[in-house]
Amino acid sequence: MKHFLKGAAAVAIVLFVVILIHIIFNVMGIDLNKYINNVVEILLASSFATMIYQALIRKEKDE
């Protein structure tokens, strides 16, 4: 259950950052859909979430 919660936390962090980036660019009047494909954004976000998850469980692996 701890791994599930850490994974959910990693996804929540990445989702918050992605939404924040989109809000900032929309306020500035820049449409990110013109410049980055949604599939590429999903792949980048999932890889960052995986990296955060690995960092969160690193301490458990060492023990």
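The values are calculated or read from the model by the stated rules, or taken from the named source; none is laboratory data. This is a predicted model, so every value here is computed, not measured. SASA here: full protein model, heavy atoms, side chains in, ligands and nucleic acids out. Shrake-Rupley method; radii C 1.70, N 1.55, O 1.52, S 1.80 Å.
Below, the figures for the structure above:
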read-out	value
Those residues of segment 1-55 which are of a type in the set (Asp, Glu) and either under 10 Å from the mean Cα position of the chain (by Cα) or at pLDDT 85 or above (or both), in sequence order	GLU41
Scan of segment 4-53 for residues that are of a type in the set (S, T, N, Q) and open to solvent by less than 70 Å² (accessible area, probe 1.4 Å), ordered by number	SER46, SER47
